[in-house]
1. What pairs come out if I take residues in the range 190-201 that are under 20 Å from residue 86 (Cα atoms) and touching a residue at least 12 places away in the same chain (Cβ under 8 Å) and pair them with residues that are among the β-branched types (Val, Ile, Thr) and assigned to a helix (DSSP H, G or I) whose C-beta lies under 8 Å away, six or more apart or interchain?
2. I'd like to check something: does the range 342-357 contain any residue that is out of contact with any Asp or Glu (no Cβ under 9 Å at 6 or more places or on another chain), within 30 Å of residue 255 (Cα to Cα) and buried (at least 24 other Cβ atoms within 10 Å of the Cβ)?
3. Determine, yes or no, whether residue 76 is open to solvent by 10 Å² or more (accessible area, probe 1.4 Å), part of a loop (DSSP other than H, G, I, E, B) and within 21 Å of residue 184 (Cα to Cα).
4. Listed residues 393, 398, 329; which is under 23 Å from the mean Cα position of the chain (by Cα) and touching a residue at least 60 places away in the same chain (Cβ under 8 Å)?
5. Quick check on residue 149: is it open to solvent by 30 Å² or more (accessible area, probe 1.4 Å) and not polar (S, T, N, Q)?
6. Read through the list (1) surrounded by 23 or more Cβ atoms within 10 Å (Cβ to Cβ); (2) more than 20 Å from residue 404 (Cβ to Cβ), then give the number of the only condition that residue 311 fails.
7. I'd like to know if the range 289-297 contains one or more residues that are in a helix (DSSP H, G or I), open to solvent by less than 10 Å² (accessible area, probe 1.4 Å) and in contact (Cβ under 8 Å) with a residue 60 or more places away in the chain.
Amino acid sequence: MRSYLSFLARNPRFLTFGTLAAFFSSFGQTFFIALFGGAWRAEFELSHGGYGSIYSAATLMSGACLIWLGKKIDRVDLRHYTVFVCLGLTAACLFTAVVSSAWMLVPAFFALRLTGQGLMSHVSNVAMARYFQLDRGKAISIASLGHPLGEAILPTLAVLLIGALGWRFSWGVFGGLLLIGLIPLMLWLLRGHGAREQARQNAAAATEANQDAHSWSLRQVLRDPVFYPVIICMLAPPFITTGLFFHQVHLAETKGWSLEWLATCFAGFAGAQVLASLIAGALADRTGAIRMLPFYLPTLGLAALVLAVFDHPAAAAVYLFLAGLTGGANFILLGAVFAELYGTGHLGGIRSVVQACMVFATAGAPALFGWLLDADIGFEALTVGCTLYVAGAVLLLALLQMPLRARAAQQTAAKV
């Protein structure tokens, strides 16, 4: 913990920038949007499958756009890129407040998912990984605290606002607050970034020949046969949690839990993410992220198993805490693993594909889970299937350790 505090004391403003980018991504995350699902399904007369299909279609479109927009961070000044993303998120919230039909949810979900879940998370992750070479794990773990902060604060706030103002005015409040304060705050936190970027370019120029020889291009990464099984395994957390979070209103009804109780339990999810991210960040710097891959998913399998077996209200807290442990580590590893494997020369482009894959996974889960629920396949069967997915991913990541460590060793040699 002392190393984290000293690191934070040396870089308070830029680390706060990364943390807030992760925090504000919450407005496009499934856990937050899903809190309004009951109101939307009732007002627009949507089934679980229909509602999930709309969400999935919009998310798929946002993922496709993210591949192109995400690469721009390699060539656009971070300050300009951040302003663009913040404006987009603000507009998305304000548009969501005025949707008047089911079809209008498609562009609303598209904008929220692209700017929130996609680009705000992308900004946080790439900025931390790119500008902190030696302490990448700690930087990403500190910035990732924005996610559990959002999960701890925003669900309860949203439930209270929905009860007091209704869902339309709630989104209007969020958009108004972002419009007034977000861009000035983020630009203030980025003061002095020009000097930081110049220092990075100077350092890159000093080792240009050696690092360029070892940094993989996006095309090379997409031809790497190891890339795809790693992605499939690492998509288990966003896929499973998105499917469960998106249908959390129905989950609460099925289990006999109140929505207020489930929203309160997200504080445990957030706390577990903080704990896991801090541990994972330190371990990633000490042992490397590659070595951690087989060990962070089992708690997600246990979380799914808890939902399959228990209906007691305490099960909600246990399930979310266990899922939070995997979620906190997953954000760190998604930021560090691909930098270790492929270098940082083309990290923005590589991370845009990784982020898009995550968006595609989170697009499929709501529709798939919704169709299964409409077919009278209960949450117990769904969560057993999730447990089997996690078990297969753990085994595959263990088998891939040798080729992954070989690629990481090449990047380490390039820095010498």
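The values are calculated or read from the model by the stated rules, or taken from the named source; none is laboratory data. The structure displayed is predicted, hence computed values, not measured ones. Glycine also receives a Cβ, built like all others from the backbone with ideal geometry; neighbour counts cover every protein chain displayed. Surface accessibility is based on the protein's heavy atoms, side chains included, excluding ligands, DNA and RNA. Shrake-Rupley method; radii C 1.70, N 1.55, O 1.52, S 1.80 Å.
1. 190/82
2. Taking every residue of the range 342-357 in turn, none turns out to be out of contact with any Asp or Glu (no Cβ under 9 Å at 6 or more places or on another chain), within 30 Å of residue 255 (Cα to Cα) and buried (at least 24 other Cβ atoms within 10 Å of the Cβ).
3. It is true that residue 76 is open to solvent by 10 Å² or more (accessible area, probe 1.4 Å), part of a loop (DSSP other than H, G, I, E, B) and within 21 Å of residue 184 (Cα to Cα).
4. Checking each option against the conditions leaves just 393.
5. So residue 149 passes the test.
6. Residue 311 satisfies all of (1) surrounded by 23 or more Cβ atoms within 10 Å (Cβ to Cβ); (2) more than 20 Å from residue 404 (Cβ to Cβ) except (1).
7. yes
To keep it simple, each residue is scored yes or no on (1) open to solvent by less than 10 Å² (accessible area, probe 1.4 Å); (2) of a type in the set (A, V, I, L, M).
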site: 10; (1), (2): no, no
site: 26; (1), (2): yes, no
site: 30; (1), (2): yes, no
site: 36; (1), (2): yes, no
site: 42; (1), (2): no, yes
site: 48; (1), (2): no, no
site: 59; (1), (2): yes, no
site: 71; (1), (2): no, no
